[in-house]
Amino acid sequence: QVRTVESGGGLAQPGGSLRLSCEASGFIFGTYAMGWYRQAPEKKCELVATITKNGDSTNYADSVKGRFTISRDNAQKTVYLQMTGLKPEDTAVYYCNADRWFMSESCNDYDYWGRGTQVTVSS
């Protein structure tokens, strides 16, 4: 059963950086794809970045491409999201999730969500 604990959020200035972490449990981490999602107030839940089970392939939403980097450490059962060049529109609660095959673009496809970590970008 997928369980996740997200951390690393906070307040950042525009142009700044943050590194999010997601510790996962309840499943064989190295056999699952992982993804980061975000939910901003009054906006649709957005799939931000995905990474394959062995880390050999990543994908990004156009809105974050070139600024965010997803990575994973299978030994630590942790997935990361390095965020640089932050913009006010990146403000959201960030969540991670897992899928045995491919991360869905629809948040509604997953029954479980962790508590997330709040990212606020403001001067």
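The values are calculated or read from the model by the stated rules, or taken from the named source; none is laboratory data. Bear in mind that the values here come from a model prediction, so they are computed numbers and not experimental data. All Cβ positions, even for glycine, are placed from backbone atoms using ideal geometry, and neighbour counts span all protein chains on display. Side chains are part of the model used for accessible areas, which takes the heavy atoms of the whole protein and leaves out ligands, DNA and RNA. Shrake-Rupley method; radii C 1.70, N 1.55, O 1.52, S 1.80 Å.
At a glance:
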item	result
Whole-number accessible area per residue in Å² for the chain, which is evaluated in the context of all protein chains at 1.4 Å	55
Within segment 80-117: backbone nitrogen closer than 14 Å to the Ser123 label point (7 Å, Cα to C-beta)	86-89
Stretchable slack from Asp109 to Thr84, in nm (0.36 nm times residue separation minus alpha-carbon distance)	6.1 nm
Segment 1-121 shape via C-alpha gyration tensor axes, a/c threshold 1.5	prolate
Gain on full stretching of the segment that runs from Ser25 to Gln13 - 0.36 nm per residue minus C-alpha separation	1.1 nm
Unit charges at the beta carbon, dipole of the chain: most positive-side option, Cys96, Cys107, Pro14	Pro14
Of all accessible heavy-atom area on the chain, the percent that carbon and sulfur account for (1.4 Å)	46
Residues Lys43 and Arg3, FRET efficiency given R0 of 30 Å [Cβ-Cβ distance, rounded to 0.05]	0.70
Charge dipole magnitude, Cβ of K and R +1, D and E -1 - the chain, Cα centre, debye nearest 20	200
